């Protein structure tokens, strides 16, 4: 079963009385365990596509299946449940809560799931922070961490609920080349060892270098699908 299957996917935005096309008849299948990047210039539609796959926005036309679920037909509530259960997000701006510690930021998805005891949450949070190289920094707030360390907290937060799919929107945009490469090596390791499916949106040549599949977009259409 495919992790992601988009068929004739269309997204239009209203601008006054006009409809502006952002995505035009996208056909894309992502299998479980892929490490794939959506690449293209600003305005190409890559972030829009990532947001549709993450159920952060609704499609205008077409079909979108996520891990066998017809996501496009779900209600807003059911889409939120799907995000909570199966998808982890990594954003270029980290989106950490500044007044919370690293551990408290990471535990948020587990608290929302309401499936675990406090002891289980703490054990899982500390384990995943150690996996991303932040052992001993659990009680630091974001302001006391470097950009690379903050992005590691964001990765830990995405991983802590053990999602099947992680969507990363320009995850290296605010990092220097050394930290960017370290973060990509970490993601690559997690992909290989835990078989987590990664889908990036990027215009960073370093991310493109690491990706095992590169889907090029321009003007809302796929122009090339390159497998390495």
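The values are calculated or read from the model by the stated rules, or taken from the named source; none is laboratory data. All of these numbers come straight from a predicted model, not from anything done at the bench. A quick note on method: Cβ atoms are made from the backbone with ideal geometry, for glycine too, and the neighbour counts reach across all protein chains shown.
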- prompt: Among the residues of the stretch 105-125, which ones are touching a helix residue (DSSP H, G or I) at 6+ places or on another chain (Cβ under 7 Å) and either surrounded by 15 or more Cβ atoms within 10 Å (Cβ to Cβ) or at pLDDT 95 or above (or both)?
  reply: 105, 106, 107, 108, 109, 110, 116, 121, 124, 125
query: Do you know which of the residues in the stretch 39-84 that are free of Cβ contacts under 8 Å to residues at least 24 places away in the same chain and assigned to a strand (DSSP E or B) is surrounded by the fewest Cβ atoms within 10 Å (Cβ to Cβ)?
result: 70
message: If I filter the stretch 193-215 down to residues being part of a strand (DSSP E or B) and touching a helix residue (DSSP H, G or I) at 6+ places or on another chain (Cβ under 9 Å), which single residue comes out as nearest to residue 67 (Cα to Cα)?
response: 197
message: Looking at the stretch 213-227 only, could you name the residues that are over 24 Å from residue 174 (Cβ atoms) and in contact with a strand residue (DSSP E or B) (Cβ under 7 Å, 6 or more places away or on another chain)?
response: 213, 220, 221, 222, 223, 224, 225, 226, 227
- line: Being farther than 27 Å from residue 129 by Cα and either without any contact (Cβ under 8 Å) to a residue 40 or more places away in the chain or surrounded by 15 or more Cβ atoms within 10 Å (Cβ to Cβ) (or both) narrows 18, 1 down to just 18
query: Does the stretch 85-104 hold any residues that are within 14 Å of residue 54 (Cα to Cα), assigned to a helix (DSSP H, G or I) and either in contact with a strand residue (DSSP E or B) (Cβ under 9 Å, 6 or more places away or on another chain) or at pLDDT 90 or above (or both), and which are they?
result: 86
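A quick yes/no check of all residues on (1) surrounded by 15 or more Cβ atoms within 10 Å (Cβ to Cβ); (2) in a helix (DSSP H, G or I); (3) at pLDDT 90 or above:
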| position | (1), (2), (3) |
| --- | --- |
| 136 | no, no, yes |
| 143 | no, yes, yes |
| 153 | yes, yes, yes |
| 158 | yes, yes, yes |
| 162 | no, no, no |
| 180 | yes, yes, no |
| 191 | yes, yes, yes |
